[in-house]
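A quick write-up on the structure given underneath.
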Amino acid sequence: MSAAGAAEGASRQRSATAPAGEPFRLVLGLHHQIPLGRSDAATEDEYQRHHKPYLSLLNSFPEVRVALHYSGPVLEWLDAQHPEFIMLLRELVARHQVEMIGGAYYDAALSIIPNADRLGQVEKLTTHLRSQFGTRPRGSALAEGVWEPSLASTLHSSGMEYVFLAACQLEGAADAGDLHQPLITEDQGRVLSVLPITTAVLAAAGASTPAQVVADLAALARRYRGGLGVAFEAGVPSPRLSAAERTAWLTELFERVLDADEIQLALPQQVLAATPERPRVYLGCSTQSGGVGEGALFRGNLVRYPESRMLYARMMYTHLLVNQIRGDKARKRSAQNELWRGQSHSAYWDGTGGGVRSPQVRHEAYQAFIEAEKTAREQGTPQPGLVSADFDLDGLPECLFHGRVFNAYVHGIGGAIVELDHIASSHNYQATLASRDRPAPFAPPSSFRDRFAADIDLDAVSGGAIAEAGDFLDARYQMVELDRERMSCLLARDGVVTTAEGVQAVALRKRYRFRGRSLVVEYRIDNSGDRPLRTRHAVEVNLAFSDVDSLAISAHRRDQAAADSTAGQSAKTPRRVARGDGVRFRDGAGDVAVTLMSEGAAEVLTAPVVTAEGYQATTAVLCWDIELAPGGSWENVVGLAFARLR
């Protein structure tokens, strides 16, 4: 018998054997989060339109029982901005009208973070709820419903007794039985109950009348007499109705539900107490939106979206740094909180208008990781260091420089910098966004990428349409040397450049040297072919500033102070910077001047990268015309320096 047939059979058996007077129990629940990058103004607006009216309405309907989940940042914000809300919520919990739901404090997708962080995040929210409301949560919400089988043992070990999962996540589970009753799953001998989310109520506001919604629930109750319906929904539904209209809609809904003889509102723990026997299920990886089919593996986002992959790599690396802290519990706890903040699920999925496409999300996640690293490095004065490590978990080593002013991570792909952290402002200038027009796998734009082309003009730079003539841009360079004493690493690639005369063999060597406030890249290009080489070489640098409105661009001159107060020009439009020694970016938001310098005079082109989500980064291309005889070579030095504006 198929799983669907088994479920239908179990449903008929349940209806036939349930006592005539046994009610259909309905669990109503809402979950609330604050995504990374959300402004206080937006959170306040959400509070006034959703949180406040809903809780006030619950207070006037003491017979309406609900399960509520608030992530840690939401509770912190409410406690700071609206303590009266917390006081009322505490009263509703005390009179057993509201059951508080636990989970990851910073709304992490638990499946992709280390197990120690899973346990720590769940325990942090549990401790917070117990302190604030005098009750320990027994159930867990999951960000985006992200489920992997190992979470059963993790949540059990965290003191959780049940979890909410969407009905689509249970499709095809062996012996799933009736989804209108609690189920039980297990991992490594640790059991966890599952409450299947089988209906939606608040999401229907504005699309259906309260009478229609309750009629549908009553029909469900008659079909599954003695069964269970669970509506565990986002606390902020689609904006079909105004706050007043939604309150009126909910008022009528609550009245009709209370008048429906077939339906009994219940809290999750009441449901579990009434149904001690639960069918066992074993569940595969799934999400509430993807179900169990293609794309349901949440960690697949780390393959599909390079920004999430780099954030994941940074998260794992920071986890190692934080857990090296010994003997200072307060410092370790502070570093852990920043690490956990950066684990918010919103940085590890991609969607139009949100997720990792949002520059605010990426910047805030990186800021958290850099803050955690700074806390981990507080003990004593950290000395600059250069190490070889597999940072991005691709099986090959990267060159990682950690300094007092900045960090720079050099990757073999393109021989380019993939992370550039300014320590004082906790900002990663490489938190860029890759084009979604390219097939995966692809990488977000990095810095000190090497281009060759017959011509490179402003239109090509601003349109991202440079006609590449070489095979260096996204190809792998060999790590030839890593000199820890001299703080340098040498990368090399033997490739080709196509010119009007044909395909030419070209060798490129680039040596990074890291200094206190700057880095330099020493270039050598050799014509390895038997014909003259005429081409244009360009070094592309992509920098993700946090606020284009406070960013100004000006030409750099060697005799100019690094932190010159010259205002410069707006960065909102493509520009051809005056030919010279480089370009300076005046980052008012970070209080930093970032200067690109060239030993040889360069043509400098800059252009903003803008998507539907807004400003993402600024591309700067430094160009030189090269003519080399066979066996000839060309050398140049390009650098990047940081300076505080004040």
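The values are calculated or read from the model by the stated rules, or taken from the named source; none is laboratory data. No experiment lies behind these values; they were computed from the predicted model shown. Cβ sites come from the backbone with ideal geometry, for glycine too, and all protein chains shown count toward neighbours. For the accessible areas, the whole protein counts, side chains as well, though only heavy atoms, and no ligand, DNA or RNA atoms are used. Shrake-Rupley method; radii C 1.70, N 1.55, O 1.52, S 1.80 Å.
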Read through the list (1) of a type in the set (Ser, Thr, Tyr); (2) touching a strand residue (DSSP E or B) at 6+ places or on another chain (Cβ under 8 Å); (3) open to solvent by less than 10 Å² (accessible area, probe 1.4 Å), then give the number of the only condition that TYR106 fails. (3)
Residue hits (the range 189-200; farther than 16 Å from LEU165 by Cα and in a loop (DSSP other than H, G, I, E, B)) are GLY189
Among the candidates VAL592, VAL610, VAL577, which residue alone is open to solvent by less than 10 Å² (accessible area, probe 1.4 Å) and either modelled with pLDDT under 95 or at negative phi (or both)? VAL592
VAL230 meets each of (1) open to solvent by 10 Å² or more (accessible area, probe 1.4 Å); (2) assigned to a strand (DSSP E or B) with one exception, condition (1)
Answer residue from the range 56-76, given it is within 25 Å of HIS345 (Cβ to Cβ) and touching a helix residue (DSSP H, G or I) at 6+ places or on another chain (Cβ under 6 Å) and is surrounded by the most Cβ atoms within 10 Å (Cβ to Cβ) among those: ALA67
Subset of the range 79-102 [buried (at least 18 other Cβ atoms within 10 Å of the Cβ) and either assigned to a strand (DSSP E or B) or in contact (Cβ under 8 Å) with a residue 60 or more places away in the chain (or both)]: VAL98, GLU99, MET100, ILE101, GLY102
Would you be able to say whether some residue in the range 170-188 is at pLDDT 95 or above, part of a loop (DSSP other than H, G, I, E, B) and out of contact with any helix residue (DSSP H, G or I) (no Cβ under 7 Å at 6 or more places or on another chain)? no
Residue tally, condition of a type outside the set (Val, Ile, Thr), open to solvent by less than 90 Å² (accessible area, probe 1.4 Å) and more than 31 Å from the chain's Cα centre (by Cα), over the range 475-488: 5
Determine the pairs where a residue that is touching a residue at least 12 places away in the same chain (Cβ under 8 Å), located within the range 541-555, has a partner that is open to solvent by 20 Å² or more (accessible area, probe 1.4 Å) and part of a helix (DSSP H, G or I) with Cβ atoms under 6 Å apart, the partner being 6 or more residues away or on another chain. SER546/HIS363
Within the range 492-546, restricting attention to residues that are among the acidic types (Asp, Glu) and more than 38 Å from the chain's Cα centre (by Cα), which residue is nearest to GLN360 (Cα to Cα)? ASP526
Which pairs have Cβ atoms under 8 Å, sit 6 or more apart or on different chains, and link a residue in the range 317-328 that is in contact (Cβ under 8 Å) with a residue 24 or more places away in the chain and over 14 Å from ASN115 (Cα atoms) to one that is open to solvent by 30 Å² or more (accessible area, probe 1.4 Å) and in a helix (DSSP H, G or I)? VAL322/LYS332; VAL322/GLN336; ILE325/LYS332
Out of all the residues in the range 613-631, which are farther than 20 Å from ASN428 by Cβ and either among the charged types (D, E, K, R) or open to solvent by 20 Å² or more (accessible area, probe 1.4 Å) (or both)? ASP625, GLU627, ALA629, PRO630, GLY631
Give the residue that is modelled with the lowest pLDDT, with candidates limited to residues of the range 428-471 that are under 30 Å from the mean Cα position of the chain (by Cα) and of a type in the set (Lys, Arg). ARG438
The one condition ARG278 fails out of (1) of a type in the set (Lys, Arg); (2) within 25 Å of MET100 (Cβ to Cβ); (3) within 32 Å of the chain's Cα centre (by Cα) is (3)
Tell me which strands (runs of 3 or more DSSP E) are completely within the range 446-506 and hold 3 or more residues being on the phi > 0 side of the Ramachandran plot, or say none if there are none. none
Which condition breaks for ALA465 when tested against (1) open to solvent by 50 Å² or more (accessible area, probe 1.4 Å); (2) in contact (Cβ under 8 Å) with a residue 40 or more places away in the chain? (2)
Out of curiosity, is ARG531 farther than 30 Å from VAL387 by Cα, touching an Asp or Glu at 6+ places or on another chain (Cβ under 6 Å), assigned to a loop (DSSP other than H, G, I, E, B) and in contact (Cβ under 8 Å) with a residue 60 or more places away in the chain? yes
Suppose we filter the range 123-140 for residues that are among the small types (Gly, Ala, Ser), in contact (Cβ under 8 Å) with a residue 40 or more places away in the chain and under 20 Å from LEU192 (Cα atoms); how many remain? 1
Enumeration of residues in the range 595-607 that are among the small types (Gly, Ala, Ser), open to solvent by 10 Å² or more (accessible area, probe 1.4 Å) and in contact (Cβ under 8 Å) with a residue 24 or more places away in the chain: GLY600
Which numbered condition trips up VAL520, out of (1) in a loop (DSSP other than H, G, I, E, B); (2) more than 24 Å from LEU458 (Cβ to Cβ); (3) of a type outside the set (Asp, Glu); (4) open to solvent by less than 20 Å² (accessible area, probe 1.4 Å)? (1)
